[in-house]
Amino acid sequence: MKIIRDTQRNCARMAAEEYRKLLGENPHCVLGLATGSTPEMLYEELVALCKAGKLSFKDVTTYNLDEYVGLDGSHPQSYRYFMDSHLFNLVDIDKTRTHVPCGVGVTDEMAAHYDDEIKQAGGVDLQLLGIGPNGHIGFNEPGTPWDAVTHIVPLTDATRQANKRFFNSIDEVPEKAVSMGIKTVMQSRRIILMAFGKNKAQAVKGMIEGRIDNSVPASILQLHPDCTVYIDDDAASML
Ligand code: GLP
């Protein structure tokens, strides 16, 4: 694991530079993307680079990590809506090459098919991750088996509470999500994980210094051959 510690803005800039290089070298690459407040600044930087003509998403294919069960893409809290409004609608990407797991009418079998689609596309070249305060990645909550592929997950109360800030009330927060599994994530060639703020400090400590144990799903990233972690001082405060 490579650890880079700086302000959130500088981390976003450095990570954006990694994307600029990758897309320059491999314009047809496959990106694994994430939602949440953590990647917002990175997406701002990517949009700025694209507008400045320094990077193009024209031939890029994307697969997002997760989606809430029951929300379709027109729901403002769906992850499809988030991606459209924070990135896809603002850059030169071909929307037909963007994929977010389907959260409506989804079964485990349909969910697992997402892994086949990713394989058929050549596998993920660079997967972006945030981390939940309990160490979850995607929506792989503590206890998720390491060999999980894309599947339907019941969300823990802690995660629903953490994400309720985006909804009018806790009752509106979906109880389930569909998420790439840990195996899906670990199969990507390269990973960038970003974490900012004090409420991520415990999870960051467990991920970097803890035992590799599925009580902290992100701890498995210690075994990934090419994983870079961008953190600010607050997220690093327990290291
Ligand atoms: C959600 C998402 C994760 C994300 C996490 C942290 O649960 N499924 O992919 O990493 O929240 O979110 P935030 O970046 O808003 O702190």
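The values are calculated or read from the model by the stated rules, or taken from the named source; none is laboratory data. It should be emphasised that the depicted structure is a prediction, and the values quoted were computed from it without experimental measurement. Every residue, glycine among them, receives a Cβ derived from its backbone with ideal geometry; neighbour counts consider all protein chains shown.
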- Item | Subset of the stretch 141-190 [within 9 Å of the ligand (Cβ to nearest atom) and of a type outside the set (D, E, K, R)] | Leu155, Thr159, Ala162, Asn163, Phe166, Ala177, Ser179
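Only residues that are within 13 Å of the ligand (Cβ to nearest atom) and either within 20 Å of Ala111 (Cβ to Cβ) or hydroxyl-bearing (Ser, Thr, Tyr) (or both): list them for the stretch 37-62, please. Explain how you work it out, then say what you get.
Narrowing the stretch 37-62 to residues within 13 Å of the ligand (Cβ to nearest atom): 37-43.
Scanning the stretch 37-62 gives Ser37, Thr38, Tyr43.
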- Note on the structure: Out of (1) at negative phi; (2) surrounded by 14 or more Cβ atoms within 10 Å (Cβ to Cβ), the one Gln120 does not meet is (2)
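Suppose the filter is polar (S, T, N, Q), more than 29 Å from Thr7 (Cβ to Cβ) and out of contact with any His (no Cβ under 8 Å at 6 or more places or on another chain); does Thr228 pass it?
Numbers: polar (S, T, N, Q): yes; more than 29 Å from Thr7 (Cβ to Cβ): no; out of contact with any His (no Cβ under 8 Å at 6 or more places or on another chain): yes.
Judged against the criteria, Thr228 is not a match.
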- Item | Count of residues meeting criterion [within 11 Å of the ligand (Cβ to nearest atom), of a type in the set (Ser, Thr, Tyr) and either out of contact with any Lys or Arg (no Cβ under 8 Å at 6 or more places or on another chain) or under 17 Å from Ala16 (Cα atoms) (or both)] in the stretch 63-81 | 1
- Query: Is at least one residue of the stretch 113-123 within 15 Å of the ligand (Cβ to nearest atom) and outside any helix (DSSP H, G or I)?
  - Reply: no
- Select from the stretch 124-140 the residues that are of a type in the set (A, V, I, L, M, F, W, C) and away from the ligand (no atom under 13 Å from the Cβ) and write down the one among them that is surrounded by the fewest Cβ atoms within 10 Å (Cβ to Cβ). Leu126
- Task: Please state which one of Lys164, Lys183, Lys198, Lys176 is among the basic types (Lys, Arg), modelled with pLDDT of 95 or more and exposed (fewer than 15 other Cβ atoms within 10 Å of the Cβ).
- Result: Lys198
- Task: Kindly list the number of the only condition in (1) within 13 Å of the ligand (Cβ to nearest atom); (2) buried (at least 18 other Cβ atoms within 10 Å of the Cβ); (3) under 30 Å from Asn10 (Cβ atoms) that fails for Ser219.
- Result: (1)
- Could you tell me whether the stretch 98-105 includes any residue that is part of a loop (DSSP other than H, G, I, E, B), within 18 Å of the chain's Cα centre (by Cα) and surrounded by fewer than 23 Cβ atoms within 10 Å (Cβ to Cβ)? yes
- Message: Out of the residues in the stretch 23-36 meeting the condition of being surrounded by 21 or more Cβ atoms within 10 Å (Cβ to Cβ) and within 27 Å of Ala235 (Cα to Cα), tell me which one is farthest from the ligand (Cβ to nearest atom).
- Response: Leu31
